[in-house]
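The values are calculated or read from the model by the stated rules, or taken from the named source; none is laboratory data. Please read all numbers here as calculations on a predicted model, not as lab measurements. All Cβ positions, glycine included, derive from the backbone under ideal geometry; neighbour counts span all protein chains shown.
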């Protein structure tokens, strides 16, 4: 299609996109570059508007060459909901939820999986391996099953348990590790070297981010190609935030959006906030976070390989990074459900807690157009909800 | 909008749709009737094609009068996926999955909830109650929370546990019962009489089915307004099947589809198959099924109030009713995931098992256009998957 090459955002080295590549020789992730002039000349907004409601509607800005390699389960075009009641409670006039729970596998990881697996298939990959905090593993397991690619998934034993079922029923190889995602990553790196498997770790292949960036494309389209003022994103590996920034930059280059980009906010948990610490020091990279721990397990990433890209995007958009306490996250989860009916994952709830914090600090203006990105459905996290209903016998009476 | 009245399909009595009604005086459910001539004159396929990808795109065929009463979370326009690999394994050329797991709350019950709750809100309902096998309770709890309606939910204690979390986090009143949905129904009926609550039990209010019918509208649109040959539907209360039949009949009346309706197949479990038994006897109604039990808990309905409507739809379309064993259902669930990457609920998997049975019997022709309706996501049923992964220590090696 319109892919021109792979490019290193650190040392600017260029790579042939028709060959499988992992990291740059300098150690940085690689990014896919497109011939945006040709894309701009060919792609029409009115055309896109009538395509099927999934992320493949942005075909020209995606890296798969042959349609027959696309491994899709109808993922994307997730709801953008205005939170009227919660907005009123907070005095906000334009509060929005982008709900990534409404997607195959119940999390935004399906976006990375559909594009990453499709491209892996196209490049002839037979076996891949990846570390995961749960949801990416579940998604890649199922998409790999559909593609006929063998997958080896390694996740922390404390990760939420439902993604284990996704891996098991997909029939892939799953291992737990008595440690964090960083430990899982070390095990995968060793296996990749030993067996020459394709390394599907976060940002170690350049295509997952192309799937994630479609969240940015959709937000632009759903807002009628006008951009919101602020996007809050729960940040572990940060691929979604980097992807959204990449998407909006590409849209600007093809002339589909104008003006300032939204301020991007990296939301982390107080128990694992390396990006926040780096941002506070105005550093370009983060330091490994010791003893990482949070109920928002998906963002328990002590040191992200793409940390500098996350920080670049935050700095470039006059965004910020903010850490929230688990108690506030769980309270926000309950409030979103009881006021707006949205049962979100703890990572999404962390963004709601961050909104309240940033409002109180005056960093957010209550009349700004603010998007809370919820990365997954709450039904994958039943353990975050206390529930102790009474048990009746047949014929018992219900109390009013 | 275009609602004309409520009508009893049994005794033809007519009711004012501007008043809240439950059952007909004769005991039958009521159906919503529209002024289809006016709908046909006003609604355009090209218009619908450009509306937002949720079930409210069929606004003219839905019963809510004032848009401000719509309680929506972006539900509908779920993926219709061609199952190429599984089709090839079975020698089928046109096997499709309609995946209702990709919807808020992870099950098709969100359709009934969005329309039912919106209309309850419009009619001024303050408190409602309902028995449920789980997913409807979870969905109505969350939609009621958003609408500001108090809800009392009663479900069997053996129902899947995740919907309990949905009820709890929504902040509604949840009770379990040491029995089946029929026992929950008796408790709700008693409370409704005692406290004058709105009864949101299956088909005891006429609007839930209007939400469910949108599955039929979407299938017609997704097939380019040509109808498939066969639709298989996991049948407990049967509202979806009745709804799909109603939808396709309405589309015929406004001239949007032509020809034979698809043969509708009611799929049940061997451990609870009252509709199948009735169909085998060519009866108009079913008998209460004693000691009902199946892993597909959502279809554990010993006697459905709308059984005669389900049977009518099956007879009218030259469909059939078929029961499958739990072992076959669980095997089909694993096969759908490992071959197509689709982690479906056991109820959806039962339809896959039924397809294999009907193919073997020659009832299905391998070249027919066959739709398997999966009513919810598998991630709500982690207990149906065996998973016992090895636990590694940091630094351990992965085996190839």
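Listed here are the residues, each with its yes/no results for (1) touching a helix residue (DSSP H, G or I) at 6+ places or on another chain (Cβ under 9 Å); (2) farther than 27 Å from residue B:53 by Cβ.
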position	(1), (2)
B:178	no, yes
B:208	yes, no
B:220	yes, no
B:223	no, no
Residue A:112 is checked against (1) farther than 29 Å from residue A:16 by Cα; (2) within 16 Å of the chain's Cα centre (by Cα) and fails just one. What number does that condition carry? (1)
Just to be sure before I move on: is residue B:141 free of Cβ contacts under 8 Å to residues at least 40 places away in the same chain, crowded, with 22+ Cβ neighbours inside 10 Å and either more than 7 Å from chain A (Cβ to nearest Cβ) or under 24 Å from residue B:69 (Cβ atoms) (or both) in the structure I sent? yes
Hey, could you check segment B:108-138 for residues that are facing chain A (nearest Cβ under 9 Å) and in contact with a strand residue (DSSP E or B) (Cβ under 6 Å, 6 or more places away or on another chain) and say which is surrounded by the fewest Cβ atoms within 10 Å (Cβ to Cβ)? B:127
Among (1) more than 9 Å from chain B (Cβ to nearest Cβ); (2) over 18 Å from residue A:305 (Cβ atoms); (3) over 18 Å from the mean Cα position of the chain (by Cα), residue A:193 falls short only on (2)
Going residue by residue through segment B:200-210, is there one that turns out to be within 11 Å of chain A (Cβ to nearest Cβ) and at pLDDT 95 or above? no
Of the criteria (1) within 17 Å of residue A:213 (Cβ to Cβ); (2) facing chain B (nearest Cβ under 10 Å), which one residue A:105 fails: (1)
Does residue A:220 count as closer than 21 Å to residue A:61 by Cα and either within 17 Å of the chain's Cα centre (by Cα) or more than 7 Å from every other protein chain (Cβ to nearest Cβ) (or both)? yes
Within segment B:337-347, can one find any residue that is within 16 Å of the chain's Cα centre (by Cα), within 14 Å of chain A (Cβ to nearest Cβ) and not in a loop (DSSP other than H, G, I, E, B)? yes
Residue count, segment A:148-167, condition surrounded by 24 or more Cβ atoms within 10 Å (Cβ to Cβ), in contact (Cβ under 8 Å) with a residue 60 or more places away in the chain and more than 8 Å from chain B (Cβ to nearest Cβ), comes to 1
Hey, among the residues in segment B:277-299 that are surrounded by fewer than 24 Cβ atoms within 10 Å (Cβ to Cβ) and within 18 Å of the chain's Cα centre (by Cα), which one's nearest to residue B:314 (Cα to Cα)? B:294
Quick one: in segment A:326-336, which of the residues that are more than 16 Å from residue A:298 (Cα to Cα) and surrounded by 24 or more Cβ atoms within 10 Å (Cβ to Cβ) is farthest from the other protein chains (Cβ to nearest Cβ)? A:332
Which of (1) in contact with a helix residue (DSSP H, G or I) (Cβ under 8 Å, 6 or more places away or on another chain); (2) under 20 Å from residue B:238 (Cβ atoms); (3) surrounded by fewer than 21 Cβ atoms within 10 Å (Cβ to Cβ) is the odd one out, the single condition residue B:89 does not satisfy? (2)
Sole residue being closer than 19 Å to residue A:106 by Cα and in contact (Cβ under 8 Å) with a residue 40 or more places away in the chain, chosen from B:132, B:114, B:105: B:105
In this structure, does residue B:312 turn out to be assigned to a helix (DSSP H, G or I), farther than 25 Å from residue B:229 by Cα and more than 14 Å from chain A (Cβ to nearest Cβ)? no
Scanning segment A:380-394 residue by residue, those outside any strand (DSSP E or B) and facing another protein chain (nearest Cβ under 7 Å) turn out to be A:380, A:382, A:385, A:386, A:387, A:389, A:390, A:393, A:394
So, residue A:368, is that one outside any helix (DSSP H, G or I) and either at pLDDT 95 or above or at the interface with chain B (Cβ under 7 Å from one of its Cβ atoms) (or both) or not? yes
Reported set for segment B:53-84 where residues are touching a residue at least 12 places away in the same chain (Cβ under 8 Å), surrounded by fewer than 16 Cβ atoms within 10 Å (Cβ to Cβ) and within 12 Å of chain A (Cβ to nearest Cβ) is B:82
